[in-house]
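Read through the structure below, which is laid out as structure tokens, and then see the notes.
The values are calculated or read from the model by the stated rules, or taken from the named source; none is laboratory data. Remember, it's a predicted structure, so these values are computed and weren't measured experimentally. Here the Cβ positions follow ideal geometry from the backbone for every residue, glycine too, while neighbour counts run over all protein chains shown.
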């Protein structure tokens with residue numbers, strides 16, 4: 001029976017020692033709640049660190065495993081050194097600041113990186129103890145970005161999802177990491193990768209393109225023989241829990257207690273954050289200072305309750321942040337406060353749910369303005385808790401939540417003057433407008449709650465798995481190869497149509513550096529010498545190169561994507577003109593000048609703009625620009641614009657590989673036809689082949705071909721098997 005295996009850095013419990021004995025202490029939080037909903041639907045195991053420093057060799061380890069197994073938890077033990085270098089080091093002193101755009105705080109320590117790899121491998125080993133290939137894996141957050149690949153290597157057919165709970169930075173920031181390639185490869189071991197917002201999806205796809213060169217189509221990346229989907233899943237909250245807070249007698253009592261303590265004459269502005277440099281707390285305090293200076297009428301009429309939950313108190317930047325916040329609060333209270341009135345109530349501690357819910361209920365304004373935040377669920381909790389629909393949300397535009405809650409007053413956290421104006425606007429907003437804004441946000445949050453977020457992710461993971469299966473069903477299996485070879489050996493007249501680049505040889509930034517090697521020459525020679533074969537090469541190469549490289553092994557050649565063909569002597573497929581070149585060549589020269597790494601290849605009846613060596617992001621822009629210009633200019637010319645593998649080619653209309661292939665297909669009655677190619681241009685051949693022919697695309701993705709092979713290596717293996725048969 002298959003099961004769901006949830007993997008996160010921490011288990012949803014913590015082991016604590018009490019009187020020398022280990023006890024289980026439950027944890028709370030959005031992720032715990034969401035995944036517990038999934039756990040109720042299917043058999044599941046949660047794998048993670050139990051919260052105490054302990055080597056897996058420690059005698060206590062086996063006892064802890066037995067203790068946790070009854071709750072479907074499987075621990076990963078980390079030593080004190082692992083925690084220092086992996087968690088506090090790589091995760092919190094490199095990934096956390098970098099992914100939140102605090103580049104100046106990031107430490108690129110190789111010792112940390114080694115620990116990160118070591119711990120990810122330890123997680124993999126522990127997961128494998130409880131897993132098999134039928135299971136579904138959901139891996140969480142930046143602590144485990146190498147784990148998807150490690151698991152996929154061991155369980156190639158397993159369903160693996162990954163969700164990042166923090167922002168993913170722009171590619172310029174991400175590529176500062178010396179190990180960016182390994183991290184991207186690790187994440188691409190997943191079948192589905194989820195982010196809170198489309199911005200993070202866009203940044204990730206751009207990083208994939210720039211680091212590894214993989215393109216995507218509507219967020220789907222083809223990695224070798226797999227499809228990897230990248231999508232947006234904005235995390236929700238347990239809406240019913242917060243919308244029903246006033247049904248709880250204890251919370252109602254706390255509301256009354258807080259109201260009495262604060263007084264009924266004050267407007268309440270509330271902030272709730274961890275004390276982290278990403279949260280923009282100093283900027284928020286400065287904006288509040290500006291507000292009081294500009295709006296003296298609110299002095300003595302407003303209370304700003306600032307809840308700051310202690311975080312990473314041993315890290316230098318956090319110590320400095322606390323000192324800065326303490327000084328700012330002292331300055332503002334000292335400057336604006338009066339006897340009997342303190343403008344800022346500063347609470348530096350954790351709050352229980354009941355206290356937090358009571359604060360949400362009495363607050364007139366929630367003031368949340370992070371410098372950078374993956375989502376920020378506090379904003380959503382506040383909206384859900386306002387059952388009377390009175391209240392205003394001020395939200396920083398850098399929070400992921402701002403993409404969903406557009407009815408909030410959205411501000412730039414670094415613009416203190418406009419943020420101060422937003423406070424005044426919130427306090428003076430008419431109740432009818434508050435009601436309309438709040439109701440709209442509540443409807444949205446209720447519809448896409450925590451349960452919907454989790455089930456939506458799992459549904460999409462199932463969907464991408466179905467796509468994988470369809471792709472794999474076209475893979476030329478061992479049985480398929482045996483059938484192919486069986487038909488081939490029985491045939492009296494065999495036509496074999498082969499592309500060259502990407503099919504028989506790998507691509508190279510310099511197209512002249514892929515001459516056939518000795519292995520390929522041997523295969524082609526043997527294939528050519530078998531008397532029943534007609535071996536034809538159909539390529540985008542110019543005719544001289546094609547003739548020099550494979551002419552001696554061929555019964556026919558097609559060059560320049562169908563312009564030239566050789567069946568004895570070279571000739572064009574029809575009477576062609578090259579007069580159009582003088583108009584097109586200057587345009588291509590402009591793009592070469594503007595695009596470092598690109599170059600022009602001139603053939604007899606075509607011009608080719610190569611961009612394999614161009615930065616992928618720039619190439620995407622330039623390709624779009626060039627195609628638009630060329631399509632406009634060639635509208636009244638008998639010329640076509642063709643996009644191939646890292647090339648744009650301009651040539652005479654109506655000339656393509658499919659038309660050239662038809663010449664050989666029609667020459668005689670064949671009882672075996674096979675065509676292999678990797679490019680968009682080979683689709684024209686696959687389209688004109690008889691339905692029974694073996695059409696094979698190299699690589700995976702949408703294609704008219706009946707079958708797929710992974711790479712040129714598998715093509716060579718197949719050809720060798722045919723020769724041997």
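General observations
- For segment 318-328, the condition holds for at least one residue, the condition being that it is over 30 Å from residue 83 (Cα atoms) and out of contact with any strand residue (DSSP E or B) (no Cβ under 6 Å at 6 or more places or on another chain).
- Scanning segment 130-143 for residues that are touching a strand residue (DSSP E or B) at 6+ places or on another chain (Cβ under 7 Å) and not in a loop (DSSP other than H, G, I, E, B) returns 130, 136, 137, 138, 139, 140, 143.
- Residue within segment 231-242 that is within 30 Å of residue 619 (Cβ to Cβ) and either more than 36 Å from the chain's Cα centre (by Cα) or crowded, with 17+ Cβ neighbours inside 10 Å (or both) present: yes
- Just one of (1) in contact with a strand residue (DSSP E or B) (Cβ under 6 Å, 6 or more places away or on another chain); (2) closer than 30 Å to residue 390 by Cβ; (3) crowded, with 20+ Cβ neighbours inside 10 Å fails for residue 438. It is (1).
- Candidates 597, 579, 568, 640, filtered to the one that is outside any helix (DSSP H, G or I), at positive phi and more than 34 Å from the chain's Cα centre (by Cα): 568
- Failed item, numbered, when residue 87 is tested on (1) within 20 Å of residue 140 (Cα to Cα); (2) not in a helix (DSSP H, G or I): (2)
- Test: residue in segment 647-657 that is farther than 21 Å from residue 507 by Cα, loosely packed, with under 15 Cβ neighbours inside 10 Å and at pLDDT below 90: yes
- The residues listed here are 418, 380; of these, the one that is at pLDDT 95 or above and farther than 18 Å from residue 298 by Cα is 380.
- Positions within segment 468-481 being in contact (Cβ under 8 Å) with a residue 24 or more places away in the chain and either part of a loop (DSSP other than H, G, I, E, B) or over 14 Å from residue 190 (Cα atoms) (or both), in sequence order: 471, 472, 474, 475, 476, 480, 481
- Among (1) surrounded by fewer than 18 Cβ atoms within 10 Å (Cβ to Cβ); (2) touching a residue at least 40 places away in the same chain (Cβ under 8 Å); (3) not in a helix (DSSP H, G or I) - the single one residue 462 does not satisfy: (3)
- Selection within segment 186-203 - within 16 Å of residue 616 (Cβ to Cβ) and without any contact (Cβ under 8 Å) to a residue 40 or more places away in the chain: 202, 203
Conditions tested, residue by residue: (1) in the same structural domain as residue 694 (by TED's automatic domain parsing); (2) crowded, with 21+ Cβ neighbours inside 10 Å.
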{"residue": "423", "(1), (2)": "no, yes"}
{"residue": "469", "(1), (2)": "no, no"}
{"residue": "487", "(1), (2)": "yes, no"}
{"residue": "503", "(1), (2)": "yes, yes"}
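- The residue list 552, 544, 531, 513 contains one member that is under 40 Å from the mean Cα position of the chain (by Cα), farther than 23 Å from residue 623 by Cα and surrounded by fewer than 16 Cβ atoms within 10 Å (Cβ to Cβ), which is 513.
- In segment 119-133, residue farthest from residue 152 (Cα to Cα) [restricted to those that are surrounded by 15 or more Cβ atoms within 10 Å (Cβ to Cβ) and in contact with a helix residue (DSSP H, G or I) (Cβ under 7 Å, 6 or more places away or on another chain)]: 119
- Residue within segment 111-127 that is modelled with pLDDT of 95 or more and closer than 19 Å to residue 316 by Cβ present: yes
- Among all residues of segment 582-591, there is none that is more than 30 Å from residue 497 (Cβ to Cβ), part of a loop (DSSP other than H, G, I, E, B), free of Cβ contacts under 8 Å to residues at least 24 places away in the same chain and more than 38 Å from the chain's Cα centre (by Cα).
- Any hit, segment 636-644, residues being farther than 26 Å from residue 538 by Cα and either assigned by TED's automatic domain parsing to the domain that holds residue 581 or touching a residue at least 40 places away in the same chain (Cβ under 8 Å) (or both): yes
- Any hit, segment 389-396, residues being surrounded by fewer than 20 Cβ atoms within 10 Å (Cβ to Cβ), assigned by TED's automatic domain parsing to the domain that holds residue 263, over 20 Å from residue 422 (Cβ atoms) and more than 33 Å from the chain's Cα centre (by Cα): no
Residue-wise test of (1) in contact with a helix residue (DSSP H, G or I) (Cβ under 6 Å, 6 or more places away or on another chain); (2) surrounded by fewer than 23 Cβ atoms within 10 Å (Cβ to Cβ); (3) within 17 Å of residue 480 (Cβ to Cβ).
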residue: 681; (1), (2), (3): yes, no, no
residue: 685; (1), (2), (3): yes, no, no
residue: 696; (1), (2), (3): no, no, yes
residue: 719; (1), (2), (3): yes, yes, yes
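- Qualifying residue in segment 436-443 (condition: more than 25 Å from the chain's Cα centre (by Cα) and under 19 Å from residue 290 (Cβ atoms)): no
- Out of 546, 527, one residue alone is within 22 Å of residue 683 (Cβ to Cβ), part of a helix (DSSP H, G or I) and in contact (Cβ under 8 Å) with a residue 40 or more places away in the chain. It is 546.
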